[in-house]
1. Checking S135 against (1) under 28 Å from the mean Cα position of the chain (by Cα); (2) surrounded by 14 or more Cβ atoms within 10 Å (Cβ to Cβ), only one condition comes out false. Which one?
2. Which one is surrounded by the fewest Cβ atoms within 10 Å (Cβ to Cβ) among residues in the range 456-473 that are under 22 Å from E541 (Cα atoms) and in contact with a helix residue (DSSP H, G or I) (Cβ under 8 Å, 6 or more places away or on another chain)?
3. I need every pair where a residue in the range 646-662 that is assigned to a helix (DSSP H, G or I) has its Cβ under 7 Å from the Cβ of a residue that is surrounded by fewer than 18 Cβ atoms within 10 Å (Cβ to Cβ) and of a type in the set (A, V, I, L, M), sequence separation at least 6 or different chains.
4. Consider only pairs whose beta carbons are under 8 Å apart and that are at least six residues apart or on different chains; among these, list those whose first residue lies in the range 141-160 and is farther than 27 Å from R484 by Cβ and not assigned by TED's automatic domain parsing to the domain that holds V509 and whose second residue is surrounded by fewer than 18 Cβ atoms within 10 Å (Cβ to Cβ) and hydroxyl-bearing (S, T, Y).
5. Quick one: which of G168, G185 is within 32 Å of the chain's Cα centre (by Cα) and surrounded by fewer than 24 Cβ atoms within 10 Å (Cβ to Cβ)?
6. Considering only residues that are under 15 Å from H498 (Cα atoms) and either at pLDDT below 90 or charged (D, E, K, R) (or both), which ones fall in the range 525-542?
7. Does V33 fit the bill of being surrounded by 16 or more Cβ atoms within 10 Å (Cβ to Cβ), of a type in the set (A, V, I, L, M, F, W, C) and closer than 30 Å to G471 by Cα?
8. Filter the range 505-560 for residues that are touching a residue at least 60 places away in the same chain (Cβ under 8 Å) and part of a strand (DSSP E or B); which is surrounded by the most Cβ atoms within 10 Å (Cβ to Cβ)?
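The values are calculated or read from the model by the stated rules, or taken from the named source; none is laboratory data. Here the structure is a predicted model, which is why all the values come from computation and not from measurement. Cβ placement follows ideal geometry from the backbone for every residue including glycine, while neighbour counts extend to all protein chains displayed.
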Amino acid sequence: MKKNPLRFLPIALLLALVLGLSVWRYISIPAPVRQYDGRTWELTMEAAGFTGDAPYGKQVAVRLNGVSGTLYYTGKQDFEPGDILSGPFRITLTPRSGSHFKAATYQEIAVEEGSPRLRDRPVIWAKAVKDRIASLYSGDSAALLTGILTGDRSSFTDALTGDLFSTGMTHVAAVSGMHVSILAGFIVLVARSRRRSFFISLPMIFLYVAITGFTPSAVRAGIMITIFTVAPLLGREYHSLRALVTAFLILCVLNPYAVFEPAMQLSFSATLGLILFAGKWQRALEIRFSKPPVPKRAARFIASSLSASCAALVFSMPFAAYWFGGASLLAPLSNLLLLWLVNIIFIGGALSLAFPFLTPVAGAALVLFRAVLAPLAKIPYAVLYTAQPYLLAWLLYAYAMFVILVLTRRWKAPLLLTVSALAVCLSLTVWRDSRFRLEITALDVGQGQCIVIRSGGQTAIYDCGGSANAGRVAAQFLQSRGIRGTDALILSHYDNDHINGVPALASLVDVPVIYGPEAETMPDAFPVERVGQGQTFTLGEAEITLIPSGWFGDDNALSLSILVTLDGFSFLATGDMGHPSERWLLRQTGLRHADVIMAGHHGSSGSTSAELLDALAPQATVISVGINNSYGHPSRETMQRLLERDIAVYRTDRRGHVIIRV
């Protein structure tokens, strides 16, 4: 019997239609605001959310000509959904799924109170849920419950964020199929009838997905649960892979921008792994574990947790490594120990909002979750960072072994080889990180400065500031090398671009002591041990000399310098010192040479003077600077002075982390 050559024509036509609609939507969604791109206009827009904090002011979701965007502004004004905002706004198109443009202003915004639209109701309900949680819970418990119920992680501390990432548990605070399934399962349990639960679950799931902001992962889960619920009522068999494809096609049309974002990629890749492998692996593991003295229920629980965790990682791990610079190797163990608690937290926490007497139950589960999470996150090399070449090579090798496992259906040899290779790669990574007597790294933290100094198993950091996540960048750099603490943190001075990452760093790794110069205004967020006179201490095989400035002037002039030396090699960093302070430094310390120097004040024209360069004759200069910064750093004058003396220049905005090894 000949096969009909046209049997795939309907599918091809459907895919062509979806592709065409997706492209049309991609072009048409931001079209009403494209005319404003790149310029400042007097405009009127509508607030579509509540005011929240931004790195340098405040932000609020807005709509302009029906297009969703985000307004960034300074001042004390707060807005609510429905408010009409008028003023001079600079518009910049931003191709993102939930915000298609960015509006910014530094001027007063005229406000006319309005009433929220029907489409704004989910935002109002979500705020009511968050406010209710805040009234019943506190600290990390409130933040974690808010994340689990709504997907909002804005109130997470840096420590909580870091612990979730290190243990591979970030997904519990990103509304996905797990959350929707818990909700649907609870409704079925209460309704005690699949047909009756159908009329309850569908509107409840839609309401929940709306409250969580119609994120791609939540919408995907909602579509698949809906198909699962409706299929038997229509006399159709549910096919999970077809449901996943259907959800993907629908999302491509509704929101084509989401395809390029990590949330959608991680959600669909994890779900694909679950569909293809979780069931098979669970059955195989149950057979292995269902032997005395292990009870059958315990064997089923262990098998389901491990199989689901490993299956979800099969396709999602590369996306996680790409977007976040690493993926946790502890995810299977963490899910086994903690995932059952998420069910209690989700249901108990949701019910406690209406029945406060249940608060202790959910509260105890939240405390237990946090208590187990924290020690797991401190395990060295818990995260496979893409910055570590040997661990990245192991990931590629592990996927090769996985392909062999799937093709041959023999798991013992591939698993043994994969575990052995991991041990070898971890050993090579430890050797690679410790084979140099001195390593100095200028981290790429944007427009700021953070220098990590390592020698003989000890670590010091000079400054920690720059972009909003400077502290997390520094902590991730340390953790990628198995380091969970520093021996000292030294601050040149107290400008934000040198210290704004300190609180985050101190919450993620151990910082026993912070040195800084004497100043009229000292930071309140953390204690500083003042350095009033020069002192030298040993760091491994190297020596670090702290040199306080005796020059009069502002905070920049009073920067605390450091000199790192090892067997004739020397490295000098002067913070934001200007020419007069540099001249004082040369005269008072008698410095006559430095192999490498850190350009002062991010390469500004008032630092790294000709007098300093001629006296020290460095071979290379490192400039810590942000891409397209508004200060014009590094300046043309500074670059000219360096080029005239044939001094090599290494910039963090062009090279990323700059590493000096001795």
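1. Every condition holds for S135 apart from (2).
2. G457
3. So the pair list comes out as D653/I627.
4. Within 8 Å, the pairs are T146/S155.
5. G185
6. Passing the criteria: only A525.
7. Judged against the criteria, V33 is not a match.
8. Among those residues, the one meeting the criterion is A542.
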